[in-house]
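Read through the structure below, which is laid out as structure tokens, and then see the notes.
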Amino acid sequence: MSTAPLEHDSLVAPVTLADIAREAGTSPSTASRALSGRGYVSEAARDRLLAVADRLGYVPNASARTLKHRRSRVVGVVLSDLDNQFYARLAAGIEQVLREANYQMMVLGDNSEPAEEVEGARTFLAMRAPGVIMTPVGSGATELLRSQGTAVVEVDRRLASVPCDAVLIDNERGAREATMHLAGLGHTRIALLGVETDWTSDAGRLQGYRTGLRNARLPLDENLVVRIPPHAPDIEPRIEALIDDHAPTAIFAANNLLAEHVWQVLRRRGLRIPHDISLVGFDDVPWMAMVDPPITVVEQPTLELGRRAARLLLRRLGGPALAPAVEILQPRLVVRGSTGPASL
């Protein structure tokens, strides 16, 4: 029994530089210079070679180039929570700068799990990525990358146990100003809703809250401090217990996701903002300006945070022996309608 041969388009040999050179009547080295943009090629020859490459569907072999030069033009980015708009905007800032420098980025999420972060680091090592930008959730990934000579920039928080560059927000200042804003409106029972981690970002916001109370000459009531583990399933029941058991007149939610949960609870219970409870969030995302009343926030320069991280990485790639740099950007308190005088 005979059968007709099967056609396998995927087995068609890829177009090579030699194919393009032969078609255009040049040498392979001339074709390489024209298509890479490095080295002299006459304008006429370059135009002819580019036209042939387009017509034949030439795709550069990135893997071969990586092996030749020992590193790729793809920068790794590891982010904690891809569902959070903060990280999306951070990635946008990174991508802007890398694109201008002729780098691409590959984004992986680690779900705030150190083991997944380390797996992401291994992926980028296998790709020979020249550097990785990450919002760290542990120190293991940075240690692994640095041990292999890969540049690392930590962004938003700093957890590395080995030297590396970092770009941070002055979280303590932002939380202090938010707390003092509420105290200035007459609130004496100001609750902090934060995340239970050992990250420097969360520690800074907790310290800023405490300092703000102290500056306002208010006592610290530990019952008003609620720290919730990442991805906890009972965030809103904890918020309801805080309101029922400890009667805060204001809540400072130390990230945008917690602020959204607080807003949902208050609306569901028919509590008026700010008449019954004032609310401040940390990090400005679009919904906060769209609700009524709009939410008072500590605004982070998130896009610039990403840009600075990418610039630090490019600096490191150009100067491996430079001393580690740590840049700290300043947040800004944006007062809106969700904060008002404490009810008597």
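The values are calculated or read from the model by the stated rules, or taken from the named source; none is laboratory data. Keep in mind that what you see is a predicted model, and the values were worked out from it rather than measured. Please note: Cβ atoms are built from the backbone with ideal geometry, for glycine as well, and neighbour counts cover all protein chains shown. Note: accessible area is taken over every heavy atom of the protein model, side chains too, but ligands, DNA and RNA are not part of it. Shrake-Rupley method; radii C 1.70, N 1.55, O 1.52, S 1.80 Å.
Residues in the stretch 87-118 that are farther than 23 Å from residue 302 by Cα and open to solvent by less than 50 Å² (accessible area, probe 1.4 Å): 118 alone. Residue selection: residue 121 fails the criterion of being small (Gly, Ala, Ser), open to solvent by 30 Å² or more (accessible area, probe 1.4 Å), assigned to a helix (DSSP H, G or I) and closer than 27 Å to residue 283 by Cβ.
What residue, among those in the stretch 165-189 that are touching a Pro at 6+ places or on another chain (Cβ under 6 Å) and not basic (Lys, Arg), is nearest to residue 141 (Cα to Cα)? Break it down into steps so the answer makes sense when it comes.
First, pick out the residues of the stretch 165-189 that are touching a Pro at 6+ places or on another chain (Cβ under 6 Å): 165, 169, 174, 185-186, 189.
After this cut, where a residue has to be not basic (Lys, Arg) as well, the list is 165, 169, 174, 185-186.
Working: 165: 14, 169: 21, 174: 28, 185: 44, 186: 45 Å.
Looking at residues that are touching a Pro at 6+ places or on another chain (Cβ under 6 Å) and not basic (Lys, Arg), I get 165.
Once the stretch 37-69 is narrowed to residues that are modelled with pLDDT of 85 or more and small (Gly, Ala, Ser), the residue that is surrounded by the most Cβ atoms within 10 Å (Cβ to Cβ) is 45.
Restricting 80, 72 to those that are within 30 Å of residue 311 (Cα to Cα), at pLDDT below 75, touching a Ser or Thr at 6+ places or on another chain (Cβ under 7 Å) and open to solvent by less than 30 Å² (accessible area, probe 1.4 Å) reduces the list to 72. Counting only residues that are modelled with pLDDT of 95 or more and among the small types (Gly, Ala, Ser), the stretch 142-167 holds 2 of them.
In the stretch 244-254 there is at least one residue that is surrounded by fewer than 18 Cβ atoms within 10 Å (Cβ to Cβ), closer than 27 Å to residue 207 by Cβ and out of contact with any strand residue (DSSP E or B) (no Cβ under 9 Å at 6 or more places or on another chain).
For the stretch 97-118, name all the residues that are assigned to a helix (DSSP H, G or I), of a type in the set (A, V, I, L, M, F, W, C) and closer than 24 Å to residue 327 by Cβ. Outline the logic, then answer.
Within the stretch 97-118, the subset assigned to a helix (DSSP H, G or I) is 97-100, 114-118.
Right, trim to of a type in the set (A, V, I, L, M, F, W, C) and you get 97-98, 115, 118.
Passing the criteria: 97, 98.
Name every residue in the stretch 311-335 that is exposed (fewer than 14 other Cβ atoms within 10 Å of the Cβ) and touching a residue at least 12 places away in the same chain (Cβ under 8 Å), in order of residue number.
Going residue by residue through the stretch 311-335, those that are exposed (fewer than 14 other Cβ atoms within 10 Å of the Cβ) are 318-323, 326, 328, 330, 332, 335.
320, 326, 328, 330, 332, 335 - these are the residues of the stretch 311-335 that are exposed (fewer than 14 other Cβ atoms within 10 Å of the Cβ) and touching a residue at least 12 places away in the same chain (Cβ under 8 Å).
Filter the stretch 262-271 down to the residues that are closer than 20 Å to residue 195 by Cα and without any contact (Cβ under 8 Å) to a residue 40 or more places away in the chain, then identify the one that is surrounded by the fewest Cβ atoms within 10 Å (Cβ to Cβ). Ranking the candidates gives 264 first.
Yes/no matrix, rows are residues, columns are (1) β-branched (Val, Ile, Thr); (2) within 30 Å of residue 160 (Cβ to Cβ); (3) modelled with pLDDT under 95:
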| residue | (1), (2), (3) |
| --- | --- |
| 276 | no, no, no |
| 279 | no, no, no |
| 286 | no, no, yes |
| 305 | no, yes, no |
| 315 | no, yes, no |
| 320 | no, yes, yes |
| 330 | no, yes, no |
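With a requirement of 3 or more residues that are touching a residue at least 60 places away in the same chain (Cβ under 8 Å) and open to solvent by 20 Å² or more (accessible area, probe 1.4 Å), the helices (runs of 4 or more DSSP H) lying completely within the stretch 124-239 that satisfy it span 171-184.
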